[in-house]
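Heads up, the thing below is written out as structure tokens.
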Amino acid sequence: MTGVKKNIITILFIWMIPLVLWSQLTNIKDSLTLLSTNFSEPDEMIAEALRISKECEDTNSEKALQYADLAYNLSENQKNTQGKIHSLLQLGNIYFLRSDYNEAMESALKSRELAINFQMEKETGNSLILIGRVYFELNSYDKSSEMFFESLKLFEKINDKAGIAESMGYVGNLFYTQKQYEKALDYLNKALELAKQIGNLKLISKQLNNIAVVYLDLKNYDTALVFLNESLLIEEQLGNTLSQGIKIFNIGFAELKQGKYDKAIHSFSHALVLYSKLDNQLQMASCYLAFGQCYYEIDSIWKSVGFFSEALKTGMDNNYFMVIYRAANSLHGIYLEQNDTITAYRYSVIESIAKDSLTAAKNESMISKFELQYRYEKVEYEKQLAQQAKNTLYVIVFISLVSGLVILTLLFSRHRIKAKKIAIEKLSIEKELGFKNKELTIHLMSLIKNSEMMADVSKNLIEIGKGAKTAETKSALAKVGHKISHSSGDKIWKEFSTRFQEVHAGFYESLLQKYPDLSQNELKLCAFLRLNMSSKDISELTGQRIPTLENARYRLRKKLGISNSDVNLVTFLSQI
């Protein structure tokens, strides 16, 4: 029979899965249809989905989750980074309100990573706050403190007063949990002042309530009531039912502590009506416990028992172990006072079981805390590794660039040194060539002088020969004179050619290779011009008339193929 039941349950479960999925898909489809009817642009649909999600997050978490998820999917499809980050933050906030801290942390970490990558500092700050809130709920105050102060620093950097106020409020709550009331009030009052400056009513109400809670702990109930009533007026203006209920409940708690039981009962009744509208079972159970305490204080024992019993039932129906424990503990004490030990014992057993469940839940919370811390530290470690890899790459690139720059600088310096060396060598060669040309010219002048002297000797010999008495003497002296004159000219040219070739090696060969039709006289003229000698200088050396030399230069230009150009003959020859 048991096996049959198990099979039936399995079959029903299998059939239920597609029904549940179909229901979810239908809800999403309906929501999308509703949005597309009123909005044509995807960005507008994303903004509206987020607005609806935030509007109903306190009253209908399922609907809030559905619209936040829809906004996320739309953002991902449209590659809308800002919409995606805001959707993740909203999803994280809803999961947080549903006490699903794993999912809340997952959404917060994703939103922070995206926000950092796209340098969206405000969204990064909001992600840090969400991470801090998760750690705060898991009693990991060191981590939550780190997140809240990091977000505060970031919001101060961008001068986001709403973000600063939010962060300061959470820092104030941290000091409150450590019973550092003075510091808590300092941060909370600063947060309240900033919220008032920017006119953010929701944030003002939040900080007013936080300050009131501190004063409740300090047993300064009159001051607490001032802040609570001010906060309540704002929540009524905003139309936030859940927040109104919380404020009214806190007012009732302060009145209970003051011994104003009738007022307290009236406040708790008002809060219960609001919680009942929302079907918020946990808050309703808190009201039943508060009623029980009020009626116990005014010795209306059985009314007290009735409300504690209702709280116990609600707690057991919803597995609210803290409610079960407090209700059972109160009932145990009342029945002991009434000497009903059997009933007292029954509630004592329930109390003990609830206590064990609370311990187990606490242990589970600790496990969740360590798991979240492990996951967070793993993500941070992976980020550090990625950053280290990036830094290493940057260092390698930097070193490569510096090395390349050094190499280029060295090559450039080497090139400059080489160019400078070549320039110096060229200058030195030019100087040496100029000196040799000068020396060659001087030597040529010397040869010419000697030639002139020899010509005079030859001329004198011929003149002497004319006056000789015998024909043989005449003939001999004339032959000697002519021979001296002829050999002197040949010797001069031969010696000049030798010295010229030493200075300008290969000049004649290159010239004849390119222009083989040049005559000896033209080669001589080229040599003189290569020494940069003017027609006047050449005329003095050779005894030729200047017009004759000019004609010779013109014929030479024709042979060299530059007669119809503006090329300087001396420059042309110097390049050969």
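The values are calculated or read from the model by the stated rules, or taken from the named source; none is laboratory data. Since the structure is predicted, the reported quantities are computational estimates derived from the model, not experimental observations. Here Cβ is always computed from backbone atoms with ideal geometry, including for glycine, and neighbour counts include all displayed protein chains.
Which one of these is crowded, with 23+ Cβ neighbours inside 10 Å and under 25 Å from Glu121 (Cβ atoms): Gly169, Gly245, Gly199, Gly252? Steps first, answer last, please.
Working: Gly245 fails: under 25 Å from Glu121 (Cβ atoms); Gly199 fails: crowded, with 23+ Cβ neighbours inside 10 Å; Gly252 fails: under 25 Å from Glu121 (Cβ atoms).
From the options Gly169, Gly245, Gly199, Gly252, the qualifying one is Gly169.
For the range 285-298, what are the residues that are more than 54 Å from the chain's Cα centre (by Cα) and within 16 Å of Lys260 (Cβ to Cβ)? Of everything in the range 285-298, those that are more than 54 Å from the chain's Cα centre (by Cα) and within 16 Å of Lys260 (Cβ to Cβ) turn out to be Phe291, Gln293, Cys294, Tyr295, Tyr296, Glu297, Ile298. The residues listed here are Asp217, Asp186, Asp222; of these, the one that is surrounded by fewer than 18 Cβ atoms within 10 Å (Cβ to Cβ) and under 22 Å from Asn159 (Cα atoms) is Asp186.
Take the conditions at positive phi, surrounded by fewer than 23 Cβ atoms within 10 Å (Cβ to Cβ) and touching a residue at least 24 places away in the same chain (Cβ under 8 Å) and apply them to Lys257. Does it pass? Step through it out loud before you land on a result.
Values: at positive phi: no; surrounded by fewer than 23 Cβ atoms within 10 Å (Cβ to Cβ): yes; touching a residue at least 24 places away in the same chain (Cβ under 8 Å): yes.
No: the conditions fail for Lys257.
Considering (1) part of a helix (DSSP H, G or I); (2) more than 52 Å from the chain's Cα centre (by Cα), the lone condition that Asn339 does not fulfil carries the number (1).
A quick yes/no check of all residues on (1) in contact with a strand residue (DSSP E or B) (Cβ under 7 Å, 6 or more places away or on another chain); (2) among the hydrophobic types (A, V, I, L, M, F, W, C); (3) not in a helix (DSSP H, G or I):
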site: Tyr508; (1), (2), (3): no, no, no
site: Leu512; (1), (2), (3): no, yes, no
site: Asp517; (1), (2), (3): no, no, yes
site: Leu523; (1), (2), (3): no, yes, no
site: Ala527; (1), (2), (3): no, yes, no
site: Lys536; (1), (2), (3): no, no, no
site: Gln544; (1), (2), (3): no, no, yes
site: Lys558; (1), (2), (3): no, no, no
site: Asn564; (1), (2), (3): no, no, yes
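Taking the conditions (1) of a type in the set (S, T, N, Q); (2) surrounded by 18 or more Cβ atoms within 10 Å (Cβ to Cβ); (3) over 23 Å from Leu97 (Cα atoms) in turn, Ser269 satisfies each one other than (2). Residues in the range 497-506 that are not small (Gly, Ala, Ser) and not in a helix (DSSP H, G or I): His504 only.
Hey, among the residues in the range 516-556 that are among the charged types (D, E, K, R) and closer than 22 Å to Gln501 by Cα, which one's modelled with the lowest pLDDT?
Residues of the range 516-556 that are among the charged types (D, E, K, R), as a first pass: 517, 522, 524, 530, 536-537, 540, 545, 550, 553, 555.
From what's left, closer than 22 Å to Gln501 by Cα: 517, 522, 524, 530, 537, 553.
Values: Asp517: 89, Glu522: 90, Lys524: 87, Arg530: 87, Asp537: 79, Arg553: 90.
Checking each candidate, the answer is Asp537.
Within 43 Å of the chain's Cα centre (by Cα), part of a helix (DSSP H, G or I) and among the β-branched types (Val, Ile, Thr) - does that describe any residue in the range 212-232? Yes; the residues of the range 212-232 include at least one that is within 43 Å of the chain's Cα centre (by Cα), part of a helix (DSSP H, G or I) and among the β-branched types (Val, Ile, Thr).
Quick check: anything in the range 271-294 assigned to a loop (DSSP other than H, G, I, E, B), under 19 Å from Ala311 (Cα atoms) and in contact (Cβ under 8 Å) with a residue 12 or more places away in the chain? Yes, some residue in the range 271-294 is assigned to a loop (DSSP other than H, G, I, E, B), under 19 Å from Ala311 (Cα atoms) and in contact (Cβ under 8 Å) with a residue 12 or more places away in the chain. Of the residues that make up the range 316-328, is at least one surrounded by 20 or more Cβ atoms within 10 Å (Cβ to Cβ) and over 54 Å from the mean Cα position of the chain (by Cα)? Yes, the range 316-328 contains a residue that is surrounded by 20 or more Cβ atoms within 10 Å (Cβ to Cβ) and over 54 Å from the mean Cα position of the chain (by Cα).
With respect to the conditions (1) at positive phi; (2) crowded, with 19+ Cβ neighbours inside 10 Å, Gln119 falls short on a single one, namely (2). The requirement of being closer than 21 Å to Lys277 by Cα and either modelled with pLDDT under 95 or of a type in the set (D, E, K, R) (or both) is fulfilled nowhere in the range 209-229; no residue meets it.
Could you list all residues from the range 125-152 that are of a type in the set (Ser, Thr, Tyr), crowded, with 23+ Cβ neighbours inside 10 Å and touching a residue at least 60 places away in the same chain (Cβ under 8 Å)? Break it down stepwise before answering.
From the range 125-152, those of a type in the set (Ser, Thr, Tyr) are 127, 135, 140-141, 144-145, 151; that's our starting set.
Checking which are crowded, with 23+ Cβ neighbours inside 10 Å leaves us with 127, 135, 144, 151.
Listed by number, the list holds a single entry, Tyr135.
The requirement of being crowded, with 16+ Cβ neighbours inside 10 Å, under 27 Å from Ser348 (Cβ atoms) and not basic (Lys, Arg) is satisfied by Leu312.
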